[in-house]
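Asks: One structure coming up, written as structure tokens, with questions to follow.
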Amino acid sequence: MPQFRVSVDFGKEGVEQLEVNANNVGVALKQAYEITAKKKTNPVSVNVVRVIEESWEIRSPVMKA
């Protein structure tokens, strides 16, 4: 399942960030909406970024005799 980083900027009150496992961006934005509903404050900005994990696979050459 893709992972998204959600940051909600409330201006002088600060920025709240969380990472969400979601099927798509819409579900991640819904999490941002729930944060604003709890604080009962309109945000300055809302950003949702998909987290892409790059993993390196280490392989060593195999000599056959």
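The values are calculated or read from the model by the stated rules, or taken from the named source; none is laboratory data. Keep in mind the model is a prediction, meaning the values are calculated, not measured. Backbone-built Cβ (ideal geometry, glycine too); neighbour counts: all protein chains shown. These accessible areas exclude ligands, DNA and RNA; they are computed on the full protein's heavy atoms, side chains included. Shrake-Rupley method; radii C 1.70, N 1.55, O 1.52, S 1.80 Å.
Asks: For the range 47-65, give me each residue that is out of contact with any Leu (no Cβ under 7 Å at 6 or more places or on another chain) and either open to solvent by less than 80 Å² (accessible area, probe 1.4 Å) or outside any loop (DSSP other than H, G, I, E, B) (or both). Steps first, please.
Replies: Step one: list which residues in the range 47-65 are out of contact with any Leu (no Cβ under 7 Å at 6 or more places or on another chain), which gives 47, 49-65.
Across the range 47-65, the qualifying residues are 47, 49, 50, 51.
Asks: Tally the residues that are more than 15 Å from residue 49 (Cα to Cα), in a helix (DSSP H, G or I) and either touching a helix residue (DSSP H, G or I) at 6+ places or on another chain (Cβ under 8 Å) or among the polar types (S, T, N, Q) (or both), restricting the search to the range 10-38.
Replies: 2
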